[in-house]
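> I have a structure here, written as structure tokens, and I will follow up with some questions on it.
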Amino acid sequence: MIPKGLLIAVLLGLISGPIAGAILFLQDDNQQLVFVEGPSVSIVTEKIDFELKEEIVIKIINSGTVPLTFNDTSYGLRITGLDGVLYYTPMAAQVISELEPKDEITFVWDQQKLDGSYSLEGRYKITTEGFDPENNKVKKSIVINVLK
């Protein structure tokens, strides 16, 4: 004879499992690109999980309706650990760069750090920071995973 508590737990799991799975499947909380009215910037990568030493293509997109300016040709791109330690920023000329609405700029990070060594597995934060026409800061960041 099967205990009544076990039977209830199994039935509850059979019913709630597919419902929870459908809800999680339909949720799109990793959406990287959303166009909005006003100033906005987005960072888009082709995926969130990368293998060690795999090239990471990073697109910075003006996802707003006003032009954005950046202090240099790196478009404010910084890759840090979650603790804030800087691992990479592209070499850049110190000239003002502008990104018009819906324009994008692409960078490729080969996972080499500033000191020339390669990154280790872990979580990394990709950030960009620019300014709208009123000189207000416009910032965006995403987190990626580097796996073995």
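The values are calculated or read from the model by the stated rules, or taken from the named source; none is laboratory data. Please read these numbers as outputs of a predicted model, since none were measured by experiment. Every residue, glycine as well, gets a Cβ built from its backbone with ideal geometry; the counts of neighbours run over all protein chains shown.
> Could you grab me the full set of residues in the stretch 34-58 that are touching a residue at least 12 places away in the same chain (Cβ under 8 Å), outside any strand (DSSP E or B) and farther than 13 Å from residue 143 by Cβ?
Within the stretch 34-58, 34, 35, 36, 37, 38, 39, 40, 52, 53, 54, 55 qualify.
> Which ones in the stretch 20-40 are surrounded by 11 or more Cβ atoms within 10 Å (Cβ to Cβ) and modelled with pLDDT of 95 or more?
Listed by number, the residues that qualify are 39, 40.
> Within the stretch 62-98, count every residue that is closer than 21 Å to residue 110 by Cβ and assigned to a loop (DSSP other than H, G, I, E, B).
13
> Tell me which residues, restricted to the stretch 1-12, are small (Gly, Ala, Ser) and surrounded by 10 or more Cβ atoms within 10 Å (Cβ to Cβ). Explain how you work it out, then say what you get.
Going residue by residue through the stretch 1-12, those that are small (Gly, Ala, Ser) are 5, 9.
Scanning the stretch 1-12 gives a single hit, 9.
> Continuing with the same structure: Just give me the residues in the stretch 124-140 being surrounded by 13 or more Cβ atoms within 10 Å (Cβ to Cβ) and under 11 Å from residue 77 (Cα atoms), in sequence order.
Of everything in the stretch 124-140, those that are surrounded by 13 or more Cβ atoms within 10 Å (Cβ to Cβ) and under 11 Å from residue 77 (Cα atoms) turn out to be 125, 126, 127, 128, 129, 130, 140.
> Tell me yes or no: at least one residue of the stretch 107-123 is out of contact with any Asp or Glu (no Cβ under 7 Å at 6 or more places or on another chain), among the aliphatic types (A, V, I, L, M) and surrounded by 17 or more Cβ atoms within 10 Å (Cβ to Cβ).
No, every residue in the stretch 107-123 fails to be out of contact with any Asp or Glu (no Cβ under 7 Å at 6 or more places or on another chain), among the aliphatic types (A, V, I, L, M) and surrounded by 17 or more Cβ atoms within 10 Å (Cβ to Cβ).
> Mind listing just one residue for me: the one in the stretch 41-73 that is surrounded by fewer than 20 Cβ atoms within 10 Å (Cβ to Cβ) and among the hydroxyl-bearing types (Ser, Thr, Tyr) and, of those, farthest from residue 127 (Cα to Cα)?
Only one residue tops the list, namely 65.
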